[in-house]
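Nothing in this text is a laboratory measurement; each read-out follows from the coordinates by a stated rule. Treat the numbers as computed from the prediction; the structure is a model and nothing was measured. Positions of Cβ are generated from backbone atoms using ideal geometry, with glycine treated the same way; all protein chains shown enter the neighbour counts.
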């Protein structure tokens, strides 16, 4: 008799739940609560955990494997469910929920005692005789303030012993780019250095406005007293502060008080980034790396509630990077807590959209550091997922291209991209076997059929044919897609598949799903990624083709055409880049090549299309 697994038992229990809003509580074998979630319909949501794992990420699969029982509480509304979920999470702190773990704590600005004092950021206040300013709640503010003060007053950021010219014989690069006065090499007088430190402390304590006014008065006094060298030094400090102030305005906001929340997720992990603007300036920045159990949208709702549950201040405006289905409910909860209207907004253009994108890019950089790959790739994959409405982030992509010379040596290449970068261990080569001649559509269908017929024999492999991709991209348009879709249906596979469309200059232009083209040039990160993939699969397939036909010159087929000699063959190859491109060109495109008249263009076209007559 087949033993029933605990997941089957739990699924059977889940199917008895009501189709009402509520909160569910997952427990492990010891009865400990490991996850708390809310649902609009309890039966639908909870049963999803104990069905097929195909749509689940690693963290969800791991969490579900530990669940041995669950409880639930029915609520009268989604609002009540959201409030109860937040309250229970705060009470039990389950390991798989968003618990807002960041590097937040008290921070200080440290001024060392001694003959040559220095200014630096410190994580804690110690009983070491040094002076400390603070505490500050934001590490971001401390780091930014110390960096600005050092640059404005040319103070050292290194740990060299200062004032020891014998030990330090030459200054470092910072001295030559005017970021440091090189006190380590005694390039500045002691009295001037102390004055710089004191002015830097005034800058930190009173702000840039007060420092600028005081420095301008000192510069005027020095000029009146004909102390032109000192006036020049003060002038440079004023310019440095003004430059720093202008740089800070790059991340200023028209709206005085608002928070921006954006997130990027991958591999079962999500990183939230929060920018806080007060009086129009970015005053704080926080990052939280959490497990991703729910959808990205549901996780944002959970995060927003958790973030503001203990907050003393909630701004009137909160900007987010995706539309939230719980937006109105969240606004109601936050408005009640704040005692005034709180709006959650998704900006569409202008300055506010730029700030949201900046926030999201910072989340991508942090997540890439956590996962060990490039942040711009994380963002591109996230944006590609949204653009193509994919079920998951396409971390593993397969791309295909066919290459031949007028139907001879017909081959294809398959390249793989993992986390947005080429993964050459998964590359494969194909020699077309089912027919002779040029037919890119049939060639693509044969290649995909052979690829997935191998899948059943290689499912234990983690690369190549044994690994199913999150996304398939074909170098081609509707014809290739229409030929390949039946192949996926034949093997019962539900893998997103799109074509990569080129423009008249054979450069990446759009993505197609068989209907209207999806333009991608406006999205720089997605365009760069698709362009890289299309170029790489084309390079790989063409290289394979060239290796097979290296004994036959590419020009030979062109020279067989009436009216085409060496000069015209060179012109055609230079313009189109390959014989394949020439063979696919229309008569008007061929005529556009300098030196190719209409008669010759017709001869070329007829040569490559005679097999279709």
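Placing a label point 7 Å from the Cα of residue 164 along the Cα-to-Cβ direction, the residues of the range 180-198 whose backbone N falls under 20 Å of that point are 181-191, 193-194. Taking packing as the residue-averaged number of other Cβ atoms within 10 angstrom, the listed peptides 24-32, 148-156 run from highest to lowest as 148-156, 24-32.
Take the Cα of residue 126, step 7 Å toward its Cβ, do the same at residue 495, and the gap between the two points is 5.6 nm. Expressed as a whole percent, the proportion of Cα-Cα pairs in the range 258-372 lying more than 19 Å apart is 43%. On a 0 to 90 degree scale, rounded to 10, what angle separates helix 478-490 from the longest Cα axis of the chain? So the inclination is approximately 90 degrees. Considering all alpha-carbon pairs of the range 138-219, what whole percent are spaced by more than 19 angstrom? Here the long-distance tail beyond 19 Å is 40 percent of all Cα pairs in the range 138-219. Send over the Kirkwood Rh of the range 6-92, from the inverse of the averaged 1/r over different Cα pairs, rounded to one decimal Å. Answer for the range 6-92: a Kirkwood hydrodynamic radius of 13.0 Å.
What is the angle, in °, between the Cα long axis of helix 375-388 and the longest principal axis of the Cα atoms in the chain? Nearest 10 is fine, range 0 to 90. Rounded to the nearest ten degrees, it is 50.
So how far apart, in nm, are the two label points at residue 8 and residue 79 if each is 7 Å from Cα heading toward Cβ? Placing both labels 7 Å along Cα→Cβ, they lie 4.4 nm apart. Once Cα extents along the principal axes in Å is worked out from the coordinates, which option in (1) 68, 68, 60; (2) 91, 71, 62; (3) 93, 75, 46 does it equal? Here the calculated entry is (3).
Each residue in 177, 33 was given a count of other beta-carbon atoms within 10 angstrom of its own, and listing them fewest first yields 177, 33.
The C-alpha atoms of the chain define a longest principal axis, and helix 350-371 lies at about 80 degrees to it. Length gained on full extension, residue 325 to residue 279, computed as 0.36 nm times the residue gap minus the Cα-Cα distance: 13.6 nm.
For the chain, averaging the sequence separation of C-alpha pairs within contact (under 8 Å, six or more residues apart) and dividing by the residue count gives a relative contact order of 8 percent.
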